1. Hey, can you grab everything whose amide H is under 5 Å from the amide H of Ile46? Only 5+ residues off in sequence or another chain; H modelled, so Pro and N-termini drop out.
2. Just to verify a number: what accessible area does Tyr195 come out at with the full protein assembly present, 1.4 Å probe, Å² rounded to tens?
3. Treating the beta-carbon of each Lys and Arg as +1 and of each Asp and Glu as -1, no other charges, what is the dipole magnitude of segment 48-172 about its Cα centre, to the nearest 20 debye?
4. Given the DSSP H assignment, sum -39500 (n - 2.57) over each helix run of at least 4 residues in the chain and divide by its residue total; what's the result at 222 nm in deg cm²/dmol, nearest 500?
5. Could you check which residue among Arg185, Arg244, Arg265 shows the biggest mean-square fluctuation in a GNM of the chain with a 10 Å Cα cutoff?
6. Could you bin all the Cα-Cα distances of segment 102-245 into 5 Å bins starting at 0 and give me the percent of pairs in each, rounded to whole numbers?
7. Please list, ordered by chain and number, the residues whose modelled amide H lies under 5 Å from the amide H of Leu98; skip anything fewer than 5 residues away on the same chain.
8. Based on the alpha-carbon gyration tensor of segment 163-214 and its eigenvalue square roots a ≥ b ≥ c, which shape applies: rounded if a/c is under 1.5, prolate if not and a/b is larger than b/c, or oblate?
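The values are calculated or read from the model by the stated rules, or taken from the named source; none is laboratory data. Since the structure is predicted, the reported quantities are computational estimates derived from the model, not experimental observations. All Cβ positions, glycine included, derive from the backbone under ideal geometry; neighbour counts span all protein chains shown. Remember, those area values only see protein heavy atoms, side chains included, never the ligands or the DNA or RNA. Shrake-Rupley method; radii C 1.70, N 1.55, O 1.52, S 1.80 Å.
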Amino acid sequence: MKPTPVRRILWVIAILVALGLLMAGLAQAQTSAQAIQVTDDRGRTIMLPRPPQRIVSLLPSLTETLCALDQCHRLVGVDRYSNWPEAVARLPQVGGGLDPNIEAIVALRPDVVVMATSSRASARLESLGLTVVALEPRSHADVQRVMGKLGQVLAVPDALRVWRHIDAAVEAAAQSVPPAARGARVYFEVNRGPYGAGTSSFIGETLARLGARNILPASLGPFPKLNPEFVVRADPDLIMISARSVDGLAERPGWSSLRALREQRLCVFSPEEADILVRPGPRMAEGARLMARCLASKAVPAARGTAAVRP
């Protein structure tokens with residue numbers, strides 16, 4: 001018996017309903033597959049329904065890492081210190097990491113804000129409904145971990161390929177340091193204060209891989225503020241410092257007696273080079289090459305023991 005027109009219509013409706021339910025189920029499954037869960041450096045679990053397409057970065061090293069992962073196009077705003085790669089110079093600046101312009105960030109409608117754990121702005125941003133992922137690399141292991149975390153957030157497969165390239169290039173820089181320069185006792189000044197790069201910092205770890213010895217013991221932490229007399233007592237073989245901080249170096253209490261200054265064993269890095277050196281991110285290998293070149297040209301073998309001077 002041939003189906004009546006009414007039955008035919010009901011069959012069509014039933015088929016359409018079934019197809020609609022199937023498509024809805026597939027869409028929901030796809031959305032679930034795209035959902036992201038990541039734990040940031042505050043220990044907070046962040047849930048994102050899908051990979052973010054609009055990102056504000058408030059830390060230069062995070063900005064550079066995002067771009068190294070080929071995701072610069074997702075950035076819609078950066079902090080005032082993010083200046084590499086060149087493409088980020090065209091983005092809106094939203095203040096510093098510690099003093100961001102909250103209104104400007106909100107106006108950019110970001111899907112996520114990435115920032116340092118040390119910034120106090122995260123609570124304010126979250127209270128306004130924004131999603132914050134706080135990450136702060138300080139050591140080589142941190143840089144590797146943060147790259148993996150950002151890869152998770154961005155749904156970038158094999159984000160750690162960038163780290164493998166960095167690690168291999170740092171090792172190559174280490175191989176370029178001549179044996180005569182190994183063992184040199186180094187003071188690396190991060191900025192005025194003075195703040196130094198300690199043994200446990202990513203800079204200190206790079207120096208160790210290059211065969212240098214840091215005058216700052218691990219007990220002082222990654223980036224301690226120092227009494228200038230501490231450096232005088234340590235009397236390093238070599239000083240690495242930014243051009244931003246070099247003026248008046250010999251006028252610091254007791255520093256005119258430093259052997260490194262008397263013998264011109266001083267590497268002064270340009271502001272652009274200093275940015276590379278103090279940012280724990282994808283340009284760490286370039287920083288290692290800068291330090292290796294400094295050691296090769298300025299360092300002398302240490303001859304006064306191996307222990308770091310303690311405060």
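1. The answer is Val38, Thr39, Asp40.
2. Near enough 80 Å² of accessible area.
3. Dipole size: approximately 280 debye.
4. On the way: 11 runs with 123 residues, N = 311.
Theoretical 222 nm ellipticity from helices: -12000 deg cm²/dmol.
5. Arg244
6. 2, 9, 14, 15, 15, 14, 13, 9, 6, 3, 1, 0
7. Result for Leu98 returns nothing.
8. Oblate shape, in that a/c is at least 1.5 and b/c is the bigger or equal ratio.
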